[in-house]
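Asks: Pasting in a structure now, in structure tokens, and then I'll have a few things to ask.
The values are calculated or read from the model by the stated rules, or taken from the named source; none is laboratory data. The model shown is predicted, which means the values in this text are computed figures rather than measured ones. As a convention, Cβ positions derive from the backbone with ideal geometry for all residues, glycine included, and neighbour counts pool all protein chains shown. Note: areas computed on protein heavy atoms with side chains; ligands, DNA, RNA excluded. Shrake-Rupley method; radii C 1.70, N 1.55, O 1.52, S 1.80 Å.
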Amino acid sequence: MADTGGSGPSVVEFAGLGWIEEAPDIHSRASIVDGGRWAVVRYGPGAERDEWCTDGHRGYVVEGRMSYELANGDRLEIPPGAGFWLPPGLGHRGVNGDQATTIFLIDVPDA
């Protein structure tokens, strides 16, 4: 994972970063920007996370459709081209449908 360092203006060249496998059929290119993680994440068709996450995320669906199963039993469906917000402390896990999906995330750690 790359680190841009300080809190000044930055550019993240995601294309120059290698893909890291986060889970089966889920890969990311990530960088630390001013102490926070920025990532391009690819979910293969049918890929889903096993673990619950409580970090917050600001995100954007670049292609495909993204779905988050929420710990309270709700589901958040995000169409292509839409931004989303998952607040810190809200348990969630990504679940992908039948097509590949690419999202951009800025993580907001659970305080």
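Asks: How fast does the chain diffuse by Stokes-Einstein, in µm²/s, taking the Kirkwood radius from C-alpha pairs at 10 °C and 1.306 mPa s?
Replies: 111 µm²/s
Asks: Count the net charge of all other residues whose Cβ sits under 12 Å from the Cβ of His27, scoring Lys and Arg as +1 and Asp and Glu as -1.
Replies: Summing Lys/Arg as +1 and Asp/Glu as -1 gives -1.
Asks: Still on this structure, I have one more. If DNA, RNA and ligands are ignored and the probe is 1.4 Å, what is the ranking of Leu105, Leu76, Leu17 by accessible area, most exposed first?
Replies: Ranking Leu105, Leu76, Leu17 by accessible area, largest first, yields Leu76, Leu17, Leu105.
Asks: Is the C-alpha gyration tensor of the range 16-71 telling us rounded, prolate or oblate? Criteria: a/c under 1.5 is rounded; beyond that, a/b larger than b/c is prolate, otherwise oblate.
Replies: Here the range 16-71 falls in the oblate category.
Asks: Then there's this: With a 1.4 Å probe and all protein chains left in place, how much accessible area per residue does the chain have, in Å²?
Replies: Per-residue accessible area for the chain comes out at 55 Å².
Asks: Also, quick follow-up: Can you send over the carbon and sulfur percentage of the accessible area for the chain, probe radius 1.4 Å, protein chains only?
Replies: Roughly 52 percent, rounded to a whole number.
Asks: Testing the spin-label approximation: label points 7 Å from Cα along Cα→Cβ at Thr102 and Ile32. State their distance in nm.
Replies: In this crude label model, Thr102 to Ile32 measures out at 2.6 nm.
Asks: Which distance in nm do the two modelled labels at Asp25 and Trp85 give, with both placed 7 Å along the Cα-to-Cβ direction?
Replies: For Asp25 paired with Trp85, the spin-label model returns 3.2 nm.
Asks: Once ligands and nucleic acids are excluded and a 1.4 Å probe is used, how much of Trp19 is accessible, expressed in Å² to the nearest 10?
Replies: That residue has around 90 Å² of solvent-accessible surface.
Asks: Would the range 56-98 count as rounded, prolate or oblate if I go by the C-alpha gyration tensor, calling it rounded below 1.5 in a/c and otherwise prolate when a/b exceeds b/c, oblate otherwise?
Replies: Since a/c reaches 1.5 but b/c is at least a/b, the shape of the range 56-98 is classed as oblate.
Asks: Can you give the relative contact order of the range 3-53 as a percent, counting alpha carbon pairs under 8 Å and 6+ residues apart?
Replies: It rounds to 32 percent for the range 3-53.
Asks: Explain nothing, just the number: relative contact order of the chain, from Cα pairs under 8 Å at least 6 residues apart, as a whole percent.
Replies: 29 percent
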